[in-house]
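Student: Below you will find the structure I want to go over with you.
Bear in mind these aren't lab numbers, they're just calculated from the coordinates by the rules spelled out. Every value quoted in this text rests on a predicted model; they were computed, and no experiment measured them. When we count neighbours, we look across all protein chains shown, and the Cβ atoms used for this are built from the backbone with ideal geometry, even at glycine.
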Amino acid sequence: MTGRLRAHLAAELERTRARTALLTDAVDDADLVRQHSPLMSPLVWDLAHVGNQEELWLVRDVGGREPVRRDIDELYDAFKHPRRDRPQLPLLSPAEARGYVRTVRDKVLDLLDGVPFSGRRLTADGFAFGMIVQHEQQHDETMLATHQLRLGPAVLHALPPPRATVGVSGEVLIPAGPFTMGTSTEPWALDNERPAHAVDVPAFFIDAGCVTNGEYAAFIADGGYDQPRWWSEAGWRHRVEAGLVAPMHWRRDGDGWAYTRFGRTEPVDPGEPVVHVCFHEAQAYAAWAGKRLPTEAEWEKAARYDPATGRTRRYPWGDGSPLPHHANLGQRHLAPAPAGAYPLGASPAGVYQLIGDVWEWTASDFTGYPGFAAFPYREYSQVFFGPRYKVLRGGSFGTDATACRGTFRNWDFPIRRQIFAGFRCARDATPAEPG
Ligand code: AVJ
Ligand code: FE
């Protein structure tokens with residue numbers, strides 16, 4: 001029983017490290033220490049930070065072993081140095097960082113053999129290891145976003161995502177009623193996903209698919225970026241100050257649009273979900289379309305609630321963990337898939353691609369659920385609670401399946417566009433429009 005868990009944890013640690021290695025070995029040392037955007041760390045910072053968190057939680061706390069490099073804790077504490085300042089720090093060199101993460105990992109694989117998985121909440125069901133696996137996977141997605149901001153020829157390669165095999169259009173009615181939001185049973189769920197609690201959600205319509213590039217281009221062509229009436233006050237102020245005219249990475253190309261993705265320039269695909277838009281752009285599009293963004297509870301009900309049984313499930317397709325035919329996750333493809341590419345991942349109500357492809361902005365602020373308790377540290381989520389951050393749901397093509405659940409909550413500032421974020425729209429179902 002625990003033998004299987006140990007083997008699973010070791011496999012997850014090593015599978016994740018292979019991705020980290022690919023993202024950091026794809027570029028030369030000069031590129032690793034360079035800052036590609038003030039929004040991002042140099043890749044070599046992410047690499048050593050991943051090792052330092054693993055050292056703090058697994059080598060020292062869980063394993064009770066001597067520190068490997070106590071002297072570097074401060075350098076790799078995300079709260080001590082903002083991203084824009086990190087290139088100036090006396091960071092480990094690429095060779096030192098690679099050696100450091102290897103040393104830490106060897107100790108972790110060694111201590112994993114003897115760790116009891118009961119007694120301490122931190123290690124129950126392998127939680128601390130699952131947390132560290134997910135932490136590295138989150139940084140793999142952050143590093144992928146850094147790759148998208150990096151200039152120069154392509155260094156990452158992947159097969160294109162699958163094509164659409166079904167048509168996805170229109171909206172779906174989710175009837176009124178309570179459902180169970182969040183989780184108290186998912187072993188590796190993070191503190192902000194807990195506890196499970198009932199939420200009564202009024203009836204609403206939600207789009208069957210994400211807003212596509214083609215739909216978003218129609219908003220631009222209709223003067224969407226020139227008309228303050230579609231934007232919130234804060235959104236319009238930001239749109240003017242930042243000079244937003246289209247999603248990040250788009251440029252005019254004859255009559256249409258082109259974007260550069262991971263070093264390759266191609267025409268914008270009208271059937272793919274729009275990505276690299278901020279919350280304010282998503283909100284303005286929704287207003288223009290006569291709709292709004294879903295709340296977080298609406299998104300989760302659309303994704304997890306099964307009206308046939310009244311039960312809240314782990315994923316839109318059921319309780320089974322994501323397989324490649326369910327969703328575009330895990331950096332298998334370096335683009336979101338078009339609407340209709342994952343019919344087997346649909347929810348019972350017929351909402352498509354809630355998981356994978358692009359993170360979806362919601363209307364909700366990031367807050368703790370009723371009964372929230374910070375675990376294992378306040379700095380994972382609690383210090384971010386409040387109106388400054390908006391919640392994103394569902395994961396992107398850059399998110400690992402292990403770090404993506406129906407309950408998983410991501411958050412960011414409403415002006416951020418470098419993350420792989422798009423959105424879908426919703427609207428109230430008025431009593432005059434029963435299903
Ligand atoms: C959950 C993606 C907002 O990257 O800031 C990484 C994840 N926390 N290291 C972030 C995280 C600590 C976090 N997000
Ligand atoms: Fe981190």
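Student: With each pseudo-label sitting 7 Å past Cα toward Cβ, what's the residue 106-residue 74 distance in nm, one decimal?
Tutor: Here the modelled spin labels are 2.9 nm apart.
Student: Follow-up. Need the list of lysines near residue 80 for cross-linking: C-alpha distance under 26 angstrom, and skip anything on the same chain fewer than eight residues off.
Tutor: Partners found: 390.
Student: Residues of segment 85-113 with backbone nitrogen within less than 15 Å of a virtual label 7 Å along the Cα-to-Cβ line of residue 7, please, listed as ranges.
Tutor: Backbone N within reach: 113.
Student: Here's another thing I want to ask about it. Taking 0.36 nm per residue of sequence separation and subtracting the Cα-Cα distance, how much length would be gained by fully extending the chain between residue 365 and residue 176, in nm to one decimal?
Tutor: My answer for the length gained is 65.8 nm.
Student: If you take the beta carbon distance between residue 93 and residue 430 as r and set R0 to 56 Å, what does 1/(1 + (r/R0)^6) give as a FRET efficiency, to the nearest 0.05? Provide the component values of the computation, followed by the final result.
Tutor: Details: r = 62 Å, r/R0 = 1.10.
Computed FRET efficiency for residue 93 and residue 430: 0.35.
Student: Give me the net charge for the shell around residue 178: Cβ to Cβ below 15 angstrom, other residues only, Lys and Arg +1, Asp and Glu -1. Walk me through the intermediate numbers first.
Tutor: On the way: positive: 301, 304, 311; negative: 200, 298, 300, 306.
The answer is -1.
Student: Apply the Karplus parameterisation 6.51 cos²θ - 1.76 cosθ + 1.60, with θ equal to phi minus 60°, to every residue of segment 181-197 and state each ³J(HN,Hα) to the nearest whole Hz, in sequence, with x for glycine and proline.
Tutor: Karplus values, whole Hz, x for Gly and Pro: 9, x, 8, 10, 10, 5, x, 9, 5, 7, 4, 6, 8, 10, x, 4, 7.
Student: Same structure, new question: If you filter segment 96-166 for trypsin sites (Lys or Arg not before Pro), then keep DSSP loop positions with at most 16 other Cβ within 10 Å, what is left?
Tutor: Working: sites: 98, 102, 105, 107, 120, 121, 150, 163; in loops: 120, 121, 150, 163.
Taking segment 96-166 and a limit of 16 other Cβ atoms within 10 Å, the loop trypsin sites (Lys or Arg not before Pro) found are 120, 121, 163.
Student: Taking just the alpha-carbon atoms of segment 258-394, what radius of gyration and Dmax come out, in angstrom?
Tutor: 16.7, 48
Student: Suppose R0 equals 60 Å; then what is the FRET efficiency for residue 321 and residue 84 from their Cβ-Cβ distance, rounded to the nearest 0.05? Write out the running numbers ahead of the final one.
Tutor: Working: r = 37 Å, r/R0 = 0.62.
Rounded to the nearest 0.05, the efficiency is 0.95.
Student: Give me the distance in nm between label points sitting 7 Å out from Cα along the Cα-to-Cβ direction at residue 380 and residue 158, one decimal.
Tutor: 2.5
Student: At a Cα cut-off below 13 Å, give the aspartates and glutamates reachable from residue 291, other chains included and same-chain residues fewer than 8 away excluded.
Tutor: Result set, ordered by chain and number: 171, 207, 428.
Student: Moving on to the next point. Please give the charge dipole size of segment 157-435, origin at the Cα centre, charges +1 on K and R Cβ atoms and -1 on D and E Cβ atoms. Round to the nearest 20 debye.
Tutor: Details: 27 positive and 30 negative charges, 78 e Å.
It works out to roughly 380 debye.
Student: Among 50, 115, 97, which residue has its Cα furthest toward the positive end of the charge dipole of segment 2-149, with +1 on Lys/Arg Cβ and -1 on Asp/Glu Cβ?
Tutor: The residue sitting farthest along the positive end of the dipole is 115.
Student: Just to confirm my numbers, what's the Cα centroid distance between segment 140-198 and segment 1-70 in Å?
Tutor: What the calculation gives is 22 Å, centre to centre.
Student: For segment 2-149, which semi-axes, largest first and in whole Å, follow from the square roots of 5 times the eigenvalues of its Cα gyration tensor?
Tutor: 27, 16, 13
Student: If you take every DSSP beta bridge whose two residues both sit in the chain, what share of them, in percent to the nearest 5, is antiparallel?
Tutor: Counting DSSP beta bridges with both partners in the chain, the antiparallel share is about 95 percent.
Student: Sticking with this one: Compute the longest continuous run of the chain that contains no exposed GluC sites (Glu not before Pro); treat a site as exposed when its DSSP state is not H, G, I, E or B and it has at most 14 other Cβ atoms within 10 Å.
Tutor: Formally, the longest exposed-site-free interval is 75-378.
Student: Note down the net charge around residue 338, summing +1 for each Lys or Arg and -1 for each Asp or Glu among other residues with Cβ under 11 Å from its Cβ.
Tutor: With Lys, Arg at +1 and Asp, Glu at -1, the neighbours total -2.
Student: Amide H of residue 412 versus every other amide H placed in the peptide plane: which residues, excluding those fewer than 5 positions away on the same chain, fall under 5 Å?
Tutor: Correct list: 390, 392.
Student: Another question, if that's okay. Using the 2.2 N^0.38 Å rule of thumb for compact globular proteins, work out how the chain stacks up: its C-alpha Rg over that value, please.
Tutor: 0.97
Student: Take the alpha carbon gyration tensor of segment 85-142, find the square roots of its eigenvalues, order them as a ≥ b ≥ c, and report rounded if a/c is under 1.5; if not, report prolate when a/b exceeds b/c, else oblate.
Tutor: Details: a/c = 2.99, a/b = 1.83, b/c = 1.64.
It comes out prolate by the Cα gyration axes.
Student: Extending each Cα 7 Å along its Cβ direction at residue 229 and residue 266, get the distance between those two points in nm, one decimal.
Tutor: Modelled inter-label distance: 3.8 nm.
Student: What list of ³J(HN,Hα) values in whole Hz, one per residue of segment 248-262 in order, does the Karplus curve 6.51 cos²θ - 1.76 cosθ + 1.60 (θ = phi - 60°) give from phi, with Gly and Pro shown as x?
Tutor: 4, 6, 7, 9, 5, 9, x, 7, x, 9, 10, 9, 10, 10, 6
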